[in-house]
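Quick notes on the structure that follows.
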Amino acid sequence: MSRLQTILALFAGFACIVAIALPYGQIADGQAMSWHYWPLLLVLLASIAALAVWFRGMPFAVAGGLAVLGGVVLMLLLPRIDLALTGYWAALVAMWTLAWLFAERLSLAIAGGEVAERPYGVLIPLMFGAAILTAWEAITLGANIPKILLPAPSAIWEVLLANIPVLAADFQQTFIKAVLIGYGLGCGVGFGVAIAIDRSPFLKAGLLPLGNFVSALPLVGIAPIMVMWFGFDWPSKAAVVVVMTFFPMLVNTIAGLNGSGEMERDLMRTYAAGYWHTLFKLRLPAAAPFIFNALKINSTLALIGAIVAEFFGTPIVGMGFRISSEIGKLNVEMVWAEIAMAAVAGSVFYWVVVLIERAVTFWHPSVRGGRA
Amino acid sequence: MSSVVTAKDLSLTFATSDGPVHALSEVNLEIEKGEFVSFIGPSGCGKTTFLRTIADLEDLTSGTLEINGMSAREARQARAYGYVFQAAALYPWRTIEKNIALPLEIMGYSKPERDKRIERTLDLVNLSGFAKKHPWQLSGGMQQRASIARALAFDADLLLMDEPFGALDEIVRDHLNEELLKLWRRTEKTICFVTHSIPEAVYLSTKIVVMSPRPGRVTDVIASTLPDERPLDIRETPEFLAIAARVREGLRAGHSYEE
């Protein structure tokens, strides 16, 4: 058991004792509540007992189980009180610490080969996400944070569920149309221009500085101009995305095309291989890691570009439009719901690109985890 | 016997920022069909440059060079030689069999013909059973054998090898030298082999070309008197040691100690 785990265990125990000793909440008439809620008392006592029994090396299942149980009890307690007091926060800290201890114990168990990486490795980020959401919910509701500043996850979730048709339309407008089409065009054109530039020194002198120039244009500057050119609907947003994604793809592809080794190219010369053979059999495969870098960078850039572009003129649908109009109505839950959707869509998009990258560049040392 | 490589007064000068560098100066050499010729000399003597000039990877400055009666460029375009580099230079995204298929694909061989040749050359370098592996899954020696198989796949009569075993340890190297000799006898190819190891040169060659630097030139051409059948312990015989001594002598004579 490492020193960190000892400290965590001691700290968790201390927090449990504080949580039992001090009142956990206040109800309408200002009365402080101490031991009225037996499930909380039970979890805290069980945690202290478990920490005492397994002070050296608590099984990760026990730590995790207690943390989850404690989290659930703390959530159930929230509607029963008007304001959380020190005891509640101490209990929250205790459960957080137990969750941390769980992560430490589990990663140790995985490293020691006691449990398999799959599926147990997934538990750590899951527990982390749950802990963040629990703390968020507890702090916003327990401390009565104004919802304008930060709404509770449960409130955001409710709004999200109630507005699925609206969100779906926004998603369709911004992600399916503007982002995906703009991304495909921007990456495709960047790739094509890179091949052309590589072929011709004349284009290299002319197009590369132009691409550089375009990429240096500020997003807020080009977005309104694109609206002038391509109208209010999604084509203008797709155009912004094209401008944003073009240059990373261009630069990375050019770098990738020059990335194949001297010896490998000499080898192609000894076969008297033509330009296209060399391109398809050597230079493009060797450039693949670079190209996928650009695809990954662009997957997040595209979403940002499309959402921001909608702030500069849009029909009454779209993620960016919804964010700007709902914040005007102080309907922050809806804004957060859009943010949540954007975060999930962006992550999934990125993740899909990574999966394809792994399949295509399986041979690269960074993917197969070996030496060069 | 017909000559495969004929160099007459071949010179090659690189223009560098420090002025011209005479990489090769008036090299005259004739390589006959079926010979195993080693090029040996200290670094900077132009042995690799000479090999690259034969392969049309460098352009000669003056003199003439004929390969199978053609210019170097024509010979390259006719795919007259297979080249083995210092490193295996296998493409990591291709399996071993696909790497061997690479020149065959470029040269337009049909799929059944490719498969036949892959099988045959893999057998030749004792790599059957590793066809589906990727290069990084193989040891350095096996990778270099695969690269030799790749150079053999399209049946060029001339094999150019640029220190192919330089990066390998001595035990692997001995083994591969033995294999290479067997392969040379079986395939009756002409082999040009660059090395800076005297025992390697003497063990392998029918002819040893000793070169010296500044400017790169040929100082001695030694015809080996060793028999065709060469077990590894031939390296302890007086005959072998005598040839090695002459090579060493040639290297010493060509080396200037003034710098």
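The values are calculated or read from the model by the stated rules, or taken from the named source; none is laboratory data. Keep in mind the model is a prediction, meaning the values are calculated, not measured. Every residue, glycine among them, receives a Cβ derived from its backbone with ideal geometry; neighbour counts consider all protein chains shown.
Being of a type outside the set (Val, Ile, Thr) and part of a helix (DSSP H, G or I) narrows it down to one residue among B:174, B:220, B:228; which is it?
Details: B:220 fails: part of a helix (DSSP H, G or I); B:228 fails: part of a helix (DSSP H, G or I).
Within the list B:174, B:220, B:228, the selection yields B:174.
Quick grid of which residues meet (1) charged (D, E, K, R); (2) within 14 Å of chain B (Cβ to nearest Cβ); (3) crowded, with 19+ Cβ neighbours inside 10 Å:
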site	(1), (2), (3)
A:283	yes, yes, yes
A:286	no, yes, yes
A:304	no, no, no
A:309	no, no, yes
A:357	yes, yes, yes
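Close Cβ contacts (under 8 Å, 6 or more residues apart or on different chains) running from residues in the range A:63-80 that are assigned to a helix (DSSP H, G or I) to residues that are acidic (Asp, Glu) comprise A:75/A:137; A:78/A:137. Considering only the range A:258-277, how many residues are within 9 Å of chain B (Cβ to nearest Cβ), within 14 Å of residue B:89 (Cβ to Cβ) and in a helix (DSSP H, G or I)? Number satisfying all stated conditions: 7. The residues listed here are A:300, A:278; of these, the one that is closer than 13 Å to residue A:244 by Cα, surrounded by fewer than 21 Cβ atoms within 10 Å (Cβ to Cβ) and not hydrophobic (A, V, I, L, M, F, W, C) is A:300.
Exactly one residue out of A:98, A:141 is part of a helix (DSSP H, G or I), touching a residue at least 12 places away in the same chain (Cβ under 8 Å) and under 21 Å from residue A:2 (Cβ atoms): that is A:98. Every residue in the range A:121-156 that is of a type outside the set (Gly, Ala, Ser), assigned by TED's automatic domain parsing to the domain that holds residue A:95 and within 21 Å of the chain's Cα centre (by Cα), please. Selection gives A:122, A:123, A:124, A:125, A:126, A:127, A:128, A:132, A:133, A:134, A:136, A:137.
In the range B:141-159, is there at least one residue being part of a strand (DSSP E or B), closer than 30 Å to residue B:210 by Cβ and not polar (S, T, N, Q)? Yes, there is a match, as at least one residue in the range B:141-159 is part of a strand (DSSP E or B), closer than 30 Å to residue B:210 by Cβ and not polar (S, T, N, Q). Put simply, of A:264, A:310 the only residue that is among the acidic types (Asp, Glu), within 30 Å of residue B:83 (Cα to Cα) and touching a residue at least 12 places away in the same chain (Cβ under 8 Å) is A:264. Among the residues of the range B:100-134, those identified as away from chain A (no Cβ under 12 Å), assigned to a helix (DSSP H, G or I) and of a type outside the set (A, V, I, L, M, F, W, C) are B:111, B:112, B:113, B:114, B:115, B:116, B:117, B:119, B:120, B:121, B:123. From the list A:110, A:27, the lone residue that is within 22 Å of residue A:135 (Cα to Cα) and either of a type in the set (A, V, I, L, M) or out of contact with any helix residue (DSSP H, G or I) (no Cβ under 6 Å at 6 or more places or on another chain) (or both) is A:27.
Is it true that residue A:223 is in the same structural domain as residue A:341 (by TED's automatic domain parsing), crowded, with 21+ Cβ neighbours inside 10 Å and under 20 Å from residue A:296 (Cβ atoms)? Considered against the rule, which asks whether it is in the same structural domain as residue A:341 (by TED's automatic domain parsing), crowded, with 21+ Cβ neighbours inside 10 Å and under 20 Å from residue A:296 (Cβ atoms), residue A:223 comes out as no. Within the group B:55, B:78, B:87, B:72, which residue is touching a Lys or Arg at 6+ places or on another chain (Cβ under 9 Å) and either surrounded by fewer than 20 Cβ atoms within 10 Å (Cβ to Cβ) or in the same structural domain as residue B:217 (by TED's automatic domain parsing) (or both)? Result: B:55 is the single residue among B:55, B:78, B:87, B:72 that is touching a Lys or Arg at 6+ places or on another chain (Cβ under 9 Å) and either surrounded by fewer than 20 Cβ atoms within 10 Å (Cβ to Cβ) or in the same structural domain as residue B:217 (by TED's automatic domain parsing) (or both).
If you go through the range B:42-55 one residue at a time, do you hit one that is more than 14 Å from every other protein chain (Cβ to nearest Cβ), in a strand (DSSP E or B) and of a type outside the set (Lys, Arg)? Outline the logic, then answer.
Of the residues in the range B:42-55, the ones more than 14 Å from every other protein chain (Cβ to nearest Cβ) are B:42-47, B:50.
From the residues that got through so far, the ones that are in a strand (DSSP E or B) too are none.
No, the conditions are met nowhere in the range B:42-55.
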